[in-house]
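Some notes on the structure that comes next.
The values are calculated or read from the model by the stated rules, or taken from the named source; none is laboratory data. Every value quoted in this text rests on a predicted model; they were computed, and no experiment measured them. Note that each Cβ is placed from the backbone with ideal geometry, even for glycine, and that neighbours are counted across all protein chains shown. The protein model used for the area step is the full one, side chains on, heavy atoms only, and it has no ligands, DNA or RNA in it. Shrake-Rupley method; radii C 1.70, N 1.55, O 1.52, S 1.80 Å.
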Amino acid sequence: MPRREGKIEGGLKLTNHAGLMAGGESGEAVSLDSPDESLLIDAINYQSFEMPPTGKLAPEQIATLTMWVKLGAPFPAGFDASVRPGEHHGPPEVNEETKKFWAYQPVRRPDAPSVQRKDWVRTPIDAFVLAGLEQAKLAPNDPAEKTALLRRATYDLTGLPPTPEQVRAFLADESPEAFQRVVDQLLESPQYGEKWGRHWLDLVRYAETNSYERDDAKPFVWRYRDYVIRSFNDDKPYDEFIREQLAGDEMQPRTPDRLIATGYYRLGIWDDEPADRELAFYDDLDDIMMTTGQVFLGMTINCARCHDHKLDPISQRDYYSLLSFLAGLNRYGVRGGDSVQQSSLRTIASPDEREKHAEAVAEYERHVAENNRQLTELEKPVVADFQPVEVEEFKHEMNKIPLVKKRVGGVISQEQFDQYVELKKRQRELSQQKPPALEQALCVSEIGREPREMFVLARGNPQGKGDRVEPAFPEVLSPPKPTFPDLADDQKTSGRRTALANWVASPDNPLTARVMANRVWQYHFGRGLVRTPNDFGFQGERPTHPELLDWLAAELVEGGWRLKRLHRLIMNSNAYQMSSQGNEAALAVDPRNDRLWRFDMRRLEAEEIRDSILAVNGSLNLKMGGPSIYPLIPEAVLAGQSRPGAGWGNSSPEERNRRSVYIHLKRSLITPILADFDVADADTTCPVRFATTQPTQALGMLNSDFLNDEAAVFARFLKSQTDDAQQQVALAMRRAFQREPQDAEVARGLSLIRSLRDKHGYDPDRALQYYCLVVLNLNEFMFLD
């Protein structure tokens with residue numbers, strides 16, 4: 001329940017911004033025009049009144065409050081401590097008061113506000129932003145320079161730098177629609193799906209292995225990655241995208257993409273030998289519930305697993321009622337590859353395709369059977385020699401060759417071992433070369449049409465079963481009762497996930513559209529209108545522009561849930577096209593840029609840095625889709641695994657030059673350059689990438705084999721274009737920064753090359769290589785204005 005306000009002394013109310021600005025019986029408490037003369041500052045310094053009367057604040061507290069007043073005494077948007085839920089003793093209750101919380105209200109499309117500078121309003125977005133700026137007596141920044149704007153937009157939508165051809169075309173186009181055309185072209189680029197698909201993969205904790213000691217690979221999980229990329233490129237409606245992932249196997253008609261989409265349920269970590277199997281099952285469900293609640297709804301529902309939510313009005317009964325929609329799920333597996341095959345792999349070909357390719361399937365199966373027969377013959381004497389623990393270890397593919405190798409010279413000869421290795425290699429090749437009719441994907445499955453019973457578990461312990469619950473949605477959202485579909489005769493699931501998916505994807509759900517609209521804004525502006533994108537609850541930050549957020553959410557729904565339309569609305573606004581230049585007066589009033597008076601600079605993300613290096617030096621391979629790739633990783637890094645080098649392949653040089661989204665994402669072995677630059681932690685949902693600054697970044701960018709090898713490739717590219725050193729330097733800067741270099745910059749580059757040759761004795765090729773290495777290390781290469 002909300003805390004009741006006590007008596008207000010002197011008529012001064014400090015629980016919200018309006019009360020503070022209104023002042024009290026003694027007059028204005030805060031002067032925005034002359035903050036140093038504010039009555040509030042006098043009072044906390046005991047110069048007139050004495051606040052608080054129980055004793056003067058510490059000097060550092062007085063300094064903090066003084067600075068706050070000088071900044072305009074900002075409050076979070078919509079904040080009112082007098083009615084803030086959750087301040088009573090115990091978890092917040094579900095009542096009429098808590099149901100009034102802003103995020104739980106229906107989305108209503110507001111009208112754009114009126115503003116003074118009507119000439120600055122290009123889209124309704126600008127009106128919402130400008131209204132806030134005018135209220136704070138701030139002005140928006142001037143437009144960004146064309147080259148900076150092109151670079152910003154191209155990275156935002158594709159994760160790659162603009163090509164020289166794109167730069168020339170945009171600079172030459174003087175029409176008012178020039179940037180609008182650029183946005184349209186970028187949205188149609190295949191690389192758009194790779195960039196925005198990567199955002200989604202962060203959210204759903206996408207990885208290609210199971211974690212824990214063995215960290216085995218998840219078979220065919222890359223198909224889910226490719227499904228996500230296709231969905232973004234096809235501009236699939238977001239509500240359909242939700243339904244396919246939560247219940248694609250229950251949708252009609254059943255298509256490969258809908259089955260592949262349910263790989264969503266198989267992306268988390270998996271303990272293949274838990275001490276308590278029932279507890280591990282509930283741990284798996286909790287991981288799915290955490291991801292589903294935070295990603296789709298911005299609700300930390302998982303906090304109510306063991307007790308009522310301490311911060312939000314979500315009861316433990318709500319948690320288990322929602323969890324019961326998932327009560328029929330099979331675990332990813334029980335132990336070993338065979339159980340994963342049974343529980344999580346499904347053929348995605350249609351019956352017609354299987355019939356059409358029956359002959360090819362029969363031939364393939366003969367090859368597989370013969371290869372397996374030979375493997376079994378070689379394994380028989382080895383398995384007979386195992387200790388009991390080795391019998392268990394042999395169930396895992398990664399252990400088989402090492403365990404057989406230990407018997408060389410004993411029960412198996414070197415020649416037999418070599419044959420065994422070749423047969424295992426052939427087995428892997430066959431698994432990756434299945435005829436279309438046998439192609440498989442990692443999918444969800446259920447125990448049958450009747451799901452398990454679900455109970456409230458005391459402290460989250462499956463041994464502490466309490467009240468039995470039925471499927472229901474969180475009460476605080478005033479939801480409808482679940483509507484379950486009729487089950488088809490051949491259906492092997494309960495249909496509960498369809499009911500869950502339909503509610504999550506409903507335009508009447510107050511959270512779904514708001515959460516996604518906020519994410520789209522976040523990925524364009526570097527932070528959301530709600531800065532806590534996975535938490536729209538009581539402890540999350542309030543939206544800086546609540547009306548704008550609702551307008552965007554309403555636009556998303558009314559536009560058929562199409563994200564590309566939302567991109568266009570945002571990117572064609574003046575708010576998006578502002579310069580990132582600083583302004584001392586604005587910084588003093590709004591240092592966090594909550595009012596959006598400028599565009600925030602950002603560093604490139606980890607994948608963007610690696611992909612840009614390959615793009616700039618001309619070696620980037622834009623091949624899309626398919627099994628993941630394995631870049632070269634130093635032996636010292638491989639040695640850090642529990643089984644050094646296990647589970648890491650060796651791709652061809654051409655394959656290694658593909659985009660970072662296609663790198664095999666092994667939870668226990670992250671590609672060093674990605675790890676250095678804050679790649680997402682794949683063990684849990686990652687709503688925000690943080691940009692840290694640490695010594696290993698500079699050391700890796702200067703000294704790693706990868707950077708030095710790619711700098712050499714860059715130097716060879718420059719030499720292939722021109723023999724003139726001055727032109728090489730200028731071309732390097734054009735490719736790296738997408739602008740014309742200044743004469744002084746070219747002269748400085750030439751000076752460095754000459755110094756490397758004349759003073760340090762490097763040959764011309766090595767000197768040019770080191771110049772290229774310097775270019776790839778400059779801030780301008782890694783930061784966007």
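Listed values, structure above:
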{"read-out": "Kirkwood-based Rg to Rh ratio, region 155-199, C-alpha trace", "value": "1.01"}
{"read-out": "Region 347-412 - percent of accessible surface contributed by carbon and sulfur, probe 1.4 Å", "value": "53 percent"}
{"read-out": "With DNA, RNA and ligands ignored, accessible area of ASP723 (1.4 Å probe; Å², nearest 10)", "value": "140 Å²"}
{"read-out": "Kirkwood hydrodynamic radius over Cα pairs of the chain, then Stokes diffusion coefficient at 4 °C and 1.567 mPa s, in µm²/s", "value": "43 µm²/s"}
{"read-out": "Listed residue (TYR662, VAL775, ALA711) projecting farthest to the positive dipole end of the chain, Cβ model", "value": "ALA711"}
{"read-out": "When each of LYS13/LYS310; LYS146/LYS719; LYS405/LYS434; LYS146/LYS195; LYS405/LYS425 is checked by Cα-Cα distance, pairs over 18 Å", "value": "LYS13/LYS310; LYS146/LYS719; LYS405/LYS434; LYS146/LYS195"}
{"read-out": "Principal axis dimensions, region 130-223 - Cα atoms, whole angstrom, descending", "value": "56, 41, 18"}
{"read-out": "Heavy-atom accessible area ranking, 1.4 Å probe, most first, across VAL382, VAL688", "value": "VAL688, VAL382"}
{"read-out": "Charge context of PRO482, other residues only, Cβ under 12 angstrom, K/R +1, D/E -1", "value": "+2"}
{"read-out": "Protein accessible area in region 179-309, 1.4 Å probe - carbon and sulfur %", "value": "50 percent"}
{"read-out": "Selection from PHE484, ASN502, VAL469 lying farthest towards where the dipole of region 464-509 points positive, charges on Cβ", "value": "VAL469"}
{"read-out": "Whole-Å distance, taken between Cα centres, linking region 685-745 and region 227-242", "value": "34 Å"}
{"read-out": "Surrounding net charge for VAL515, when Lys and Arg each add one and Asp and Glu each subtract one, Cβ distance under 15 Å", "value": "-3"}
{"read-out": "Sparsely packed GluC sites (Glu not before Pro) within region 152-233, loop by DSSP, other Cβ within 10 Å at most 16", "value": "GLU174, GLU177, GLU188, GLU213"}
{"read-out": "Accessible solvent surface per residue of the chain, calculated while the other protein chains remain in place, 1.4 angstrom probe, Å²", "value": "46 Å²"}
{"read-out": "Carbon and sulfur %, accessible surface of region 534-623 computed with the full protein complex present, 1.4 Å", "value": "47 percent"}
{"read-out": "Value of [θ]222 nm, deg cm²/dmol, for the chain, DSSP H segments ≥ 4, -39500 (n - 2.57) each, nearest 500", "value": "-14000 deg cm²/dmol"}
